[in-house]
1. Near the amide H of LYS89, under 5 Å away, which other amide H atoms are found, from residues 5 or more places off or on another chain, if H is placed in the peptide plane?
2. Starting at the first residue of segment 109-116, write each ³J(HN,Hα) from the Karplus equation 6.51 cos²θ - 1.76 cosθ + 1.60 with θ = phi - 60°, in whole Hz, x for Gly and Pro.
3. Each residue of segment 100-108 in order: what ³J(HN,Hα) in whole Hz does its phi give by Karplus 6.51 cos²θ - 1.76 cosθ + 1.60, θ = phi - 60°, with x for Gly and Pro?
4. Between ASP100 and residues 5 or more places away or on another chain, which pairs have amide H atoms under 5 Å apart, with H built 1.01 Å from N, and which residues are they?
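What follows draws every value from the coordinates through simple rules; no lab data is involved. Quick caveat, the model's predicted, so the values are computed rather than measured.
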Amino acid sequence: MKNKLLIGAGILLTVFIIFLLVISGASGGDKIPTEETLKTIFSNVTCEVKNCSNIDYDLSLLTNNVEFDSQIQTKNYTKVKLNQVANFKSFGVVFILKSDYEISLNISLMKNDEVLKTTTANLSTNVMSNIDLLLENSALISATDDFYILFEQTTTDPFVFDTLITFIDEV
C-alpha cells in the first residue's frame, strides 16, 4: 500500500511539473531560467535550521533531476534564502517537500519583510507535497534584497525540500 502511494505521488509530481512547464510555455516559455542564467543570478541557497547552524546548498543540487538527493539534509528548516548576485524579476518558486512525520507548515515567499505569497502545507508521512508560491505579477528583486522562503510550524519535526524551480522574467 505504501509503495502504491509513493508511485501515485511520483506520478502526481510529474504531472504537476509538466503542467507548470506548459503554463510557462504558454506565457512566453522563458520564465524558467536555464542553468547558465541561474548561475549568473544566484550564488547559492542558505538554509536556517532551528537550533542548529546554517546549511549552504549549491543551487544545482536543488535543481538537478535527483529527487531528495542524499546531500540534502532532513532538518527543521525555518528559512531558505536564495542568495542572488544580480537584479531580476521573480514570478515565484515551486518545490517539493517530504517529512517522516505528519506536520503542518505555513510557508511564505518573502522579499525583505514583505510577504509576496503564503500557503499552508499539511504533510503526510513520507508523501511528497508540491508547494506553489507563484505570483500573479512579477516582483523586482534587487541584488541587495533578502529573497527567501519562510517556514513556520508549531512542532519541531524535520522535513526535506527539493526540486526548487524559480520563475524569472527579464529585468
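1. ILE141, ASP169, VAL171
2. Result, ordered by residue: 8, 10, 10, 6, 9, 8, 7, 8 Hz.
3. Here the 3J(HN,Hα) series is 7, 10, 8, 9, 10, 10, 9, 10, 10 Hz.
4. ASN126
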